[in-house]
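Have a look at the structure below before the remarks.
The values are calculated or read from the model by the stated rules, or taken from the named source; none is laboratory data. In this text, all values refer to a predicted model and were calculated from it rather than measured experimentally. Here the Cβ positions follow ideal geometry from the backbone for every residue, glycine too, while neighbour counts run over all protein chains shown. For the accessible areas, the whole protein counts, side chains as well, though only heavy atoms, and no ligand, DNA or RNA atoms are used. Shrake-Rupley method; radii C 1.70, N 1.55, O 1.52, S 1.80 Å.
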Amino acid sequence: MKFAVVVFPGSNCDRDMQYAAKEVLGEEADLLWYKEANLDGYDAILIPGGFSYGDYLRCGAIASTSSVVSQLREKAEAGVPILGVCNGFQILLEAGLLPGALLRNKNLKFMCHFEELEVVNNQTQFTSEYQPNEVISVPIAHNEGNYYCDDETLAQLKANNQIVFTYKNNPNGSVADIAGIINEQGNVLGMMPHPERAAEAILNSADGLKLFQSMLVNWRERYVAGV
Amino acid sequence: MKLVKVHITLKEGVLDPQGKAVQNSLQTLGYDNVQEVRVGKYLELTVEDHANIEQEIEDMCNKLLANPVIENYSYTVEEEVAQ
């Protein structure tokens, strides 16, 4: 399986993301500088965390106007799996690929620690290797992780089973304890916690690895004949 | 040239922890009359005048300057005064 990791000016989790996909999962993963990125031929696209464009204007806002995001839209439409983590999630929201927005954390603090998450939807191509309602330990590292959407959108997210991860102890004020959501089509996942930072035991948790394994298993089932 | 003044504010009902912190500080300073503070953004754009200037500003606000999910915007278009 071939992963693309899109790198923006200010991305800082790109190498961690590549490491998780390449070294831990054992698949191919290329770092693609946003300006010359060509997303054709990749089986999945990873949008890493960081501070693209210094979080100017709003987190992810400037990155969401770059031409690589037009490609992302086409790939999303075509059903290619896309995972946005942290700033990657913020970019997907600003680009309108996922509904809602992220506000400043309720306590106005940058928080960087492990959080317990509940896998509330394991019927996705990103979470199928988790048990139903499995509780996992994954680190957060953000200042703007307070997920917000209006009541109507929240009702839709619930009705379509689009809430994938929730916090057990909501650290940032997110609506409905939301830590990660998926699009209606089921191929674009955005989440604030960092599965790539919890991909092997030496990092204090390997709980994030199952997310990458789920992507691989589902890709194999779909595209690799005879597996 | 026109001077476009854009005000961006958080929508009603959207939490503003920053505004809350400012309000608390004001109260610490003794300004007990302050009931609420909402922090927004103010941008000044110098724009070449043309027929569709208002439509263009609306587009800019919707596409980039404001996030319609959480923010409202308003703007005025004024004659730029030479410095």
- Which of the residues in segment B:45-83 show a loss of at least 40 Å² in accessible area from their chain by itself to the complete set of protein chains, at a probe of 1.4 Å? B:LEU64, B:ASN67, B:VAL69, B:ILE70
- Task: Might you tell me the accessible area per residue for chain B, computed with a 1.4 Å probe and given in Å²?
- Result: 68 Å²
- Item | Loop GluC sites (Glu not before Pro), segment A:1-68 (other Cβ atoms within 10 Å of the site Cβ: 12 or fewer; DSSP) | A:GLU36
- Task: Kindly flag which residue pairs out of A:LYS109/B:LYS41; A:LYS109/A:LYS210; A:LYS109/B:LYS63; A:LYS109/A:LYS158; A:LYS2/A:LYS35 have an alpha-carbon separation exceeding 23 Å in this structure.
- Result: A:LYS109/A:LYS210; A:LYS109/B:LYS63; A:LYS109/A:LYS158
- Query: With a 1.4 Å probe, how much accessible area is buried between chains A and B, both sides summed, in Å² to the nearest hundred?
  - Reply: 1200 Å²
- chain A - percent of accessible surface contributed by carbon and sulfur, probe 1.4 Å: 45 percent
- In chain B, the chymotrypsin sites (Phe, Trp or Tyr not before Pro) that sit in a DSSP loop and have at most 15 other Cβ atoms within 10 Å of their own Cβ are B:TYR31
- Task: Report, for segment A:1-116, the % of DSSP beta bridges that are antiparallel, rounded to 5.
- Result: 10 percent
- Determine the per residue accessible area of segment A:1-124 with all protein chains present and a 1.4 angstrom probe, expressed in square angstrom. 40 Å²
- Note on the structure: Interface residues of segment A:114-148, defined as losing at least 10 Å² of accessible area versus the chain alone with a 1.4 Å probe, are A:ASN146, A:TYR148
- Message: With every protein chain left in place and a probe of 1.4 Å, what is the accessible surface of A:VAL68, to the nearest 10 Å²?
- Response: 0 Å²
- What's the carbon and sulfur percent of segment B:12-63's accessible surface, probe 1.4 angstrom, rounded to a whole number? 46 percent
- Kindly tabulate the residues in segment B:1-44 with an accessible-area decrease of at least 30 Å² between the chain alone and the assembly of all protein chains, using a probe of 1.4 Å. B:VAL14, B:LEU15, B:PRO17, B:GLN18, B:LYS41
- Log entry: pair-distance distribution for chain A, C-alpha pairs binned every 5 Å from zero, whole % per bin is 1, 7, 16, 21, 22, 18, 10, 3, 1, 0, 0
- Note on the structure: Computed, not fitted: 222 nm per-residue ellipticity of the protein assembly as shown from DSSP H runs ≥ 4 (each -39500 (n - 2.57)), nearest 500, equal to -6500 deg cm²/dmol
- Query: Taking trypsin sites (Lys or Arg not before Pro) as exposed when DSSP calls them loop (any state but H, G, I, E, B) and at most 16 other Cβ atoms lie within 10 Å, what is the longest stretch of chain A free of them, the sites themselves excluded?
  - Reply: A:36-105
- Taking Cα pairs under 8 Å and at least six residues apart, what relative contact order does chain A come out at, in percent? 19 percent
- With +1 at each Lys and Arg Cβ and -1 at each Asp and Glu Cβ, the charge dipole magnitude of the protein assembly as shown around its Cα centre, to the nearest 20 debye, comes out at 640 debye
- Measuring from centroid to centroid over Cα atoms, what is the spacing of segment B:41-64 and segment A:151-182 in Å? 34 Å
- Query: Against the longest principal axis of chain B, how steep is helix B:17-28, in degrees 0 to 90 to the nearest 10, with axes from Cα atoms?
  - Reply: 50 degrees
- Can you tell me the alpha carbon radius of gyration of segment B:2-80 divided by the globular rule-of-thumb value 2.2 N^0.38 Å? 1.37
- To the nearest 20 debye, what is the magnitude of the charge dipole of chain B about its Cα centre, counting +1 on the Cβ of each Lys and Arg and -1 on the Cβ of each Asp and Glu? 460 debye
- What do you reckon, how do A:TRP33, A:TRP219 stack up by accessible area (1.4 Å probe), largest on top? A:TRP33, A:TRP219
- Report, by chain and number, residues whose modeled amide H sits under 5 Å from the one on A:SER205, excluding near sequence neighbours (fewer than 5 apart, same chain). A:GLU200
- May I ask which residue of B:LEU3, A:VAL69, B:GLN23 lies farthest towards the positive end of the charge dipole of the protein assembly as shown, with charges of +1 (Lys, Arg) and -1 (Asp, Glu) on Cβ and the Cα centre as origin? B:GLN23
- Message: What does the structure give for A:56-62 when I average, per residue, the other chain Cβ atoms found within 10 Å of the residue Cβ?
- Response: 3
- Note on the structure: Under the 7 Å Cα-to-Cβ spin-label approximation, B:HIS50 and B:LEU26 lie apart by a distance in nanometres of 4.0 nm
